[in-house]
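What follows is calculated from the coordinates using simple rules that are stated; it is not laboratory data. Just so it is clear, the model here is predicted, and its values are computed rather than measured. Quick reminder, even Gly has a Cβ in these numbers, built from the backbone with ideal geometry, and neighbours come from all protein chains shown.
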Amino acid sequence: MAVGLAASAVVLAPNAAVAQDASNIARIAKEITVRVEGATQGSGVIVKKDGNTYTVLTAWHVLKSNQPGEEITLVINDNQYFHLPSSVKRVKNVDLATIKFTSTNNYKTARIASIDKNMIGSSIFVGGFPLRTDSVNSRIFRFLDGRVIAYDPNIQLPNGYNFLYSNNTLPGMSGGPVLGTQGELLAIHGLGEIDVEMTSNKNILVKTGTNQGIPLSFFSSEIKEVPSSNRNTGGMISSADKYLLKIESLLRSGNSDPVEIMILADKASLIETSARSEYYRAVGMYSIRSFRSALAGAERAISLDPSFSKAYRLKATINIIRRDHISALVDLTAAITLDPNDFQSLLNRASIYYDTYKSIDAAKRDLEKALLIKPNDSATIKMLDYIKNNS
């Protein structure tokens, strides 16, 4: 059955009408945006009403992790909660999906419009519900402005993310609306562009500041509901360990999403708070460069399990970034005491000994211990040779 977005869309020329005041656009955004609570937390947009049945459009990656039997909760702007079975329909070929709810209440639906290729430089607005943080511990609606950076209808980027803009979006806003200056829905927000080189060099997720959405009108011929054939088929997750094992599998794959890591860690904590769940949430926070929250999470993990060496190493890494080398040295020493084969902690401690304290002998000892663990590691060999030749 077709979603019917293209047929019911009111197609506008974005520059043909007088732009609305930003506060009016914010009101529209808040009325049509829903909060999504499930295996992954995100946002969505009410795009269609058929009798008492409403269709919500969101990003497929927001809904795809829900297990059969697990509820998805939609929270509407009037604070009504709809707890739904995970009957999700994926939109073909792009990172979009729909889910429906029934209500006798009268909710506003989005006005879908086409994107003009001449919109580059124009104002654009994104709405959604970011994930909670230590300082903002509730998922409250955010409305962020920016500019269109790029759009070429003749080029298809992966999963439909052809629309690029500068709005400073936050994790949890995926699936939310991207609105034009008349409050029209132009795209669904879903991605922050990753700086691959910086991410590789720093070993943390680094964003370029550019965000990406899926333009609806460009894919109007492809927006069809299809069965979610690649959904998980297991039963409801019943223990915290299953969430934690999933996190570990994602991290091993080398293709983990820090937001998904944090959400899975939160779900594990709801069942049973543990050092591992706190640690993995801290890892997610670290990956999105929320260092203060990551440090607090690592400290909570250590308080729950003082023998958890990885938490000390993460804490040390954050303290190095903060240039608190004294604390970092204490944490690295604790990590190495708990796990003498912690190769990375030995390297990090050697760097602090040499660069900060000019303690050449201590640095050499740590590098020699590291080479006992990885005898052929070329970077460590070069570092040790450099210290020997320059001391």
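Worth pointing out:
- Approximating the spin labels as points 7 Å out from Cα along Cα→Cβ, the Asn52-to-Glu368 distance works out to 7.9 nm.
- Taking amide H as placed 1.01 Å from N in the peptide plane, the amide H of Phe163 sits under 5 Å from that of Gly213, each at least 5 places away or on another chain.
- Net +/- balance of residues flanking Lys364 in space, Cβ distance below 11 Å, scoring K and R +1, D and E -1: -1
- Annotation: amide H-H contacts under 5 Å for Thr133 (H modelled 1.01 Å from N, sequence separation of 5 or more, or interchain): Ser138.
- Ranked for footprinting exposure by Cβ neighbours inside 10 Å, fewest first, Glu248, Glu37, Glu184 give Glu248, Glu37, Glu184.
- Candidate aspartates and glutamates - alpha carbon under 16 Å from Lys89, same-chain residues fewer than 8 apart omitted: Glu70, Glu71, Glu222, Glu225
- Average projection, convex hull of the Cα set of the stretch 330-382: 3.3 square nanometres.
- Neighbour-count order for Arg111, Arg35, fewest beta carbons within 10 angstrom listed first: Arg111, Arg35
- Pairs from Lys49/Lys267; Lys100/Lys267; Lys267/Lys315; Lys48/Lys242 whose Cα-Cα separation, in the structure shown, is over 26 Å: Lys49/Lys267; Lys48/Lys242
- Across the alpha-carbon atoms of the stretch 270-391, the computed radius of gyration and Dmax are 15.3, 55 angstrom.
- For Lys310, the aspartates and glutamates whose Cα comes closer than 19 Å to its Cα, not counting residues fewer than 8 places off in the same chain, are Asp241, Glu248, Asp266, Glu278, Glu299, Asp324, Asp331, Asp339, Asp342, Asp366.
- Pairs of Cα atoms farther than 19 Å apart, the stretch 23-83, %: 32 percent
- For the stretch 141-156, backbone phi angles converted through the Karplus equation (6.51, -1.76, 1.60; θ = phi - 60°) give residue-by-residue couplings of 5, 10, 10, 10, 9, x, 10, 6, 9, 7, 6, 10, x, 8, 10, 9 Hz, Gly and Pro being listed as x.
- Estimated FRET transfer efficiency when R0 is 35 angstrom, pair Asn105-Ser135 (beta carbons, to 0.05): 0.60
- Put simply, the amide H of Gln182, placed in the peptide plane, has neighbours under 5 Å in Gln20, leaving out anything fewer than 5 places away on its chain.
- Rg(Cα)/(2.2 N^0.38 Å) for the stretch 97-166, N = residue count: 1.46
- Farthest toward positive dipole pole in the stretch 240-389 [+1 Lys/Arg, -1 Asp/Glu at C-beta], among Met383, Ala370, Asn348: Met383
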